[in-house]
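Here is the structure we will look at, set down as structure tokens.
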Ligand code: UTP
């Protein structure tokens, strides 16, 4: 079955970015000239996704405005002859069909994804965490969709992690089936170096069969009261195979301040209009 829909969880508090996120969504912080969430939306669209459901919460309606039409701004830009900006602004509201669902309490990523159950219905879907910006020759979600097309099973995106990073990611116990493709035998959330099964960590892109919803419902909250998606995937493993894919390309974790600065610098260096000034500013 074709993967046409995607869920973008964006209902968290963004505490690692405080005070910047006190009154504005983390997902709307701009890396150069686009808010974080727009990178995910564009990747989804380039991967063939048509319907996007953003999981949102109180105080985060700027995301809805961003992907909506903006008649006043558009007529202002038209009047001033700023056609380049006009095209960019119009393009944003035409990217995909959007729907917004509120998660009333931030009870974890698994819980956020569960909010989209009715929107998804009985078909496979992608999940994109807007913290992660992927810069790949083939869009990251498209890479997962290709694995899904081959196996018909849920698939998570993987990266090689350092010992230190085992405290930060879900880590899998892998059985390699092909170059870059692994069958998940087990997994554990943020195990630390002693308990980690491998150096393969799960990062922010997934394609799920709708069976994940039942698995989430059966998953108990962790010690912080959050329903983790890693625990739900582990439950799904009892019922059906799940695969992992070591993606090809670059990924920037813009979910904390240091990662955000790095993502900004790396992406600015790739833009001809900024590369020189960034290089010079760092040297001086
Ligand atoms: P994060 O843990 O990176 O985001 O979750 P956060 O909770 O907003 O940030 P910190 O940890 O407090 O700094 C990854 C994504 O999942 C969403 C977040 O909005 C983010 O985009 N999320 C997380 C939800 O939608 N609901 C939740 O309950 C938790």
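Across the stretch 102-234, Cα pairs under 8 Å and at least six residues apart give a relative contact order of 36 percent. Only helical runs count toward this figure. For the chain, summing -39,500 (n - 2.57) over DSSP H runs of n ≥ 4 and dividing by all residues gives -10000 deg cm²/dmol at 222 nm. Computed from Cα atoms, the angle from the helix 36-46 axis to the main principal axis of the chain rounds to 80 degrees.
Once the Cβ-Cβ distance of residue 175 and residue 149 is raised to the sixth power relative to R0 = 35 Å, the FRET efficiency obtained is 0.95. Structure remark: mean-square fluctuation, Gaussian network model of the chain, C-alpha springs under 10 Å; the largest value among 130, 221, 179 belongs to 179. Compute log10 of I(q)/I(0) for the chain with the Debye formula, placing one identical point scatterer on every Cα and leaving out solvent, at q = 0.12, 0.16 Å⁻¹, to two decimals. For the requested q values the scattering log ratios are -0.78, -1.37. Listed by Cβ neighbour count within 10 Å, with the fewest neighbours leading, 231, 84 appear as 84, 231. The spacing between the stretch 260-280 and the stretch 10-25, judged by their C-alpha centroids, is 24 Å. Note on the chain: with a GNM built from Cα contacts shorter than 10 Å, the maximum mean-square fluctuation among 258, 11, 126 falls on 258.
Specify whether the C-alpha gyration tensor of the stretch 173-226 places it in the rounded, prolate or oblate class, a ≥ b ≥ c being the square roots of the eigenvalues: rounded for a/c under 1.5, otherwise prolate if a/b is larger than b/c and oblate if not. Taking the square roots of the gyration eigenvalues as a ≥ b ≥ c, the stretch 173-226 is oblate. Here the contact order of the chain, divided by its residue count and restricted to Cα pairs under 8 Å and six or more residues apart, works out to 22 percent. Structure remark: mean-square fluctuation, Gaussian network model of the chain, C-alpha springs under 10 Å; the largest value among 207, 31, 41 belongs to 31. Sorting 53, 136 from the fewest to the most surrounding beta carbons within 10 angstrom yields 136, 53. The slack between residue 162 and residue 239, meaning 0.36 nm per residue of separation minus the straight C-alpha distance, is 24.7 nm. Compared with the dominant principal axis of the Cα atoms in the chain, helix 257-269 is inclined by about 60°. If you line up the long axis of helix 272-283 against the longest principal axis of the chain, both from Cα atoms, how many degrees apart are they, to the nearest 10? Rounded to the nearest ten degrees, it is 80.
Shape call for the stretch 121-264 from the C-alpha gyration tensor, a ≥ b ≥ c root eigenvalues: rounded (a/c under 1.5), prolate (a/b greater than b/c) or oblate? Display every interim value, and only then the final one.
On the way: a/c = 1.36, a/b = 1.12, b/c = 1.21.
Since a/c stays below 1.5, the shape of the stretch 121-264 is classed as rounded.
Using the Stokes-Einstein relation with a Kirkwood hydrodynamic radius computed over Cα pairs, the translational diffusion coefficient of the stretch 231-277 at 37 °C and a viscosity of 0.692 mPa s comes to 238 µm²/s. Give me the distance between the Cα centres of the stretch 165-209 and the stretch 60-114, rounded to whole Å. Value for the Cα centre distance between the two parts: 33 Å.
Bear in mind that the values in this text are calculations on the coordinates, not laboratory data. Here the structure is a predicted model, which is why all the values come from computation and not from measurement. We place every Cβ from the backbone using ideal geometry, glycine too, and count neighbours over all the protein chains shown.
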